[in-house]
Amino acid sequence: MVPRGQRDPEGLLFEISRPGRCGFASPPVDVPVDKQDALDPRYTRTEIAGFPELSEVDVVRHYTRLSCLNYAIDLGLYPLGSCTMKYNPKVNERVARLPGFAEAHPQLSQEASQGCLRLMHDLEAALCAICGMDRFTLQPAAGAQGELAGILMARAYHHDRGNPRQVVLIPDSAHGTNPASAHLAGYRVEQVASDARGCIDLSALRRRMGEDVALLMLTNPNTLGVFESAIEEIARVVHASGALLYMDGANLNAFVGWARPGDMGVDLHHLNLHKTFSTPHGGGGPGAGPVGIRKHLEAYLPVPTVEKEGDRYVLKHERPRSIGKVRSFYGNFGMLVRAWAYILALGPAGLRRMSETAVLNANYLRRRLEGVYHLPYREASLHEVVFSDRHLEATGVRTLDIAKRLMDYGFHPMTIYFPLIVRGAMMIEPTESESREELDAFVAAMLRIDAEARRDPELVRTAPHTTPVRRLDEVGAARHPILRWVPGKVARD
Ligand SMILES: *Cc1c(COP(=O)(O)O)cnc(C)c1O
């Protein structure tokens, strides 16, 4: 099926509006109306200026056509590195829609919400077992908010020891949310260089550690997909000067069931349930970024926590040194339900298998593409692999062009220009969801694009050619943004 948008640009509702058309009309009132109850006519209106007028079928088709312009994990491979765009099993949705979960009001009494509380309690226990941590807070709504909550707990910990300290150390390969969260929590951010293998430079770290450092934030495996194999030594160096080791757990998909942050000397870390444990993400949808901590940080957990007393589950607010609430109610509860459904469905052996397959898939792509695409770091990688555009320097074709051309072949582009330590980075994470056939189709597209870049660079440099929207003028959009829709003044092309 060719979505309409590929023949003709889909107009805005305002543009396809026709005077007098109507989607739904309620019948005239056939019971007496109590004038006293009616709103004062001064506050009501019969017409809304510029309001689109459309039939029901106009509206349904408009949104259905728009939905066909979208790319989704349910359509094909979504190889965004770092994002772990895995398939979200539909049973998760079934479970999240059970009325007892979907219709639970967050202000229900604890008596009436035992099932929901039990789910949160059991999910926390499972995350503790998977990660080797003592407690988890499920409140943060995303990884980034988990980082902030974690750093605030670390800050409270140092404060109670007489000095909150001033600096958070972050490797130069880190995700941008790490320095942003540290800054928001009142810390000065200092970068630590990576070594030739792409891992944190241990001697640079040793030199820099001191009484002013509150925290090292380390992503493991790091954003090159490389496991920080010196993690235990790193933890010793950090702890020797009284600092804490924070692990960015966004890449946990690489070793669930194989290794545990708690065993590596990590004091606290966030998880992204919407990455590692399915649940949908992308498009700004709700996420969940639980934070796991070791015992020495327990006093600072956000409140309320879910506790089990006898056979009852209760919400506890008494925690005098808590950093307080970080999210309304209990976080994005629907995401907790989906993640718990996923964990239960896979079980311990299934989770292990998941990580194993994610690593296998990434290394399959690596082996099929290395030798053609430039591999800047040759260290063994786990669940994702980073290439660069250096091999195409002479052709003038850049990473952005390759990403755009992939769309012509029906694939979502990979993550590009991240991590920042790789010039022209292409970061590919297939996840465990993909079949051999889908991976082979992706490889075939990548190899064809490479051949095109050498034979006909202009073709790649002007891609995409088959999508509803062609190459965008990104500089123009940044320099001259049109932020307001003015009737009759829609700029096209
Ligand atoms: C995704 C990601 C984050 C941020 O997580 P959100 O859930 O998107 O807020 C942090 N660090 C790394 C390495 C990530 O991949």
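Only the coordinates and a few stated rules stand behind these numbers; no lab work does. Only a predicted model underlies this, so the values are computations on that prediction, with no experimental measurement involved. With ideal geometry, Cβ positions are generated from the backbone for all residues, glycine too; neighbour counts draw on all protein chains shown.
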Query raised in the report: Of everything in the stretch 47-85 that's among the aromatic types (Phe, Trp, Tyr), closer than 28 Å to residue 406 by Cα and in a loop (DSSP other than H, G, I, E, B), which residue is farthest from the ligand (Cβ to nearest atom)?
Result: 71
Query raised in the report: Among 163, 88, which is the only one that is among the polar types (S, T, N, Q), touching a Lys or Arg at 6+ places or on another chain (Cβ under 9 Å) and assigned to a loop (DSSP other than H, G, I, E, B)?
Result: 88
Requested in this report: Within the stretch 439-454, track down each residue that is surrounded by fewer than 16 Cβ atoms within 10 Å (Cβ to Cβ) and either free of Cβ contacts under 8 Å to residues at least 40 places away in the same chain or acidic (Asp, Glu) (or both).
Outcome: 440, 444, 448, 451
Requested in this report: Scan the stretch 173-191 for residues that are closer than 20 Å to residue 235 by Cβ and within 16 Å of the ligand (Cβ to nearest atom) and report the count.
Outcome: 5
Query raised in the report: Out of all the residues in the stretch 394-414, is one or more out of contact with any Lys or Arg (no Cβ under 7 Å at 6 or more places or on another chain), exposed (fewer than 15 other Cβ atoms within 10 Å of the Cβ) and either without any contact (Cβ under 8 Å) to a residue 40 or more places away in the chain or in a helix (DSSP H, G or I) (or both)?
Result: yes
Query raised in the report: Mind checking which residues of the stretch 263-283 are more than 24 Å from residue 305 (Cα to Cα) and near the ligand (Cβ under 10 Å from one of its atoms)?
Result: 281, 282
Query raised in the report: Of everything in the stretch 247-262 that's outside any helix (DSSP H, G or I) and within 11 Å of the ligand (Cβ to nearest atom), which residue is nearest to residue 287 (Cα to Cα)?
Result: 248
Report summary line: Note on the stretch 217-233: residues buried (at least 24 other Cβ atoms within 10 Å of the Cβ), touching a Pro at 6+ places or on another chain (Cβ under 9 Å) and part of a loop (DSSP other than H, G, I, E, B) are 220, 222, 223, 224
Requested in this report: Please work out if residue 48 is touching a Pro at 6+ places or on another chain (Cβ under 9 Å), of a type in the set (A, V, I, L, M) and on the phi < 0 side of the Ramachandran plot.
Outcome: no
**Report entry** Neighbours by Cβ (under 6 Å, 6+ apart or cross-chain): first from the stretch 101-116, free of Cβ contacts under 8 Å to residues at least 60 places away in the same chain; second assigned to a helix (DSSP H, G or I)
**Finding:** 115/100
Report task. State the number of residues belonging to the stretch 182-214 that are closer than 17 Å to residue 151 by Cα, within 24 Å of the chain's Cα centre (by Cα) and assigned to a strand (DSSP E or B). Result -> 2
**Report entry** Residue that is assigned to a helix (DSSP H, G or I) and among the small types (Gly, Ala, Ser), where the choices are 104, 141, 125
**Finding:** 125
Report task. Identify all residues within the stretch 455-470 that are in a helix (DSSP H, G or I) and surrounded by 14 or more Cβ atoms within 10 Å (Cβ to Cβ); write none if there are none. Result -> 457, 459, 460, 461
Report summary line: Within the stretch 234-246, the residues that are more than 16 Å from the ligand (Cβ to nearest atom), crowded, with 17+ Cβ neighbours inside 10 Å and outside any loop (DSSP other than H, G, I, E, B) are 234, 235, 237, 238, 244
Query raised in the report: Would it be correct to say that residue 428 is out of contact with any helix residue (DSSP H, G or I) (no Cβ under 9 Å at 6 or more places or on another chain) and among the hydrophobic types (A, V, I, L, M, F, W, C)?
Result: no
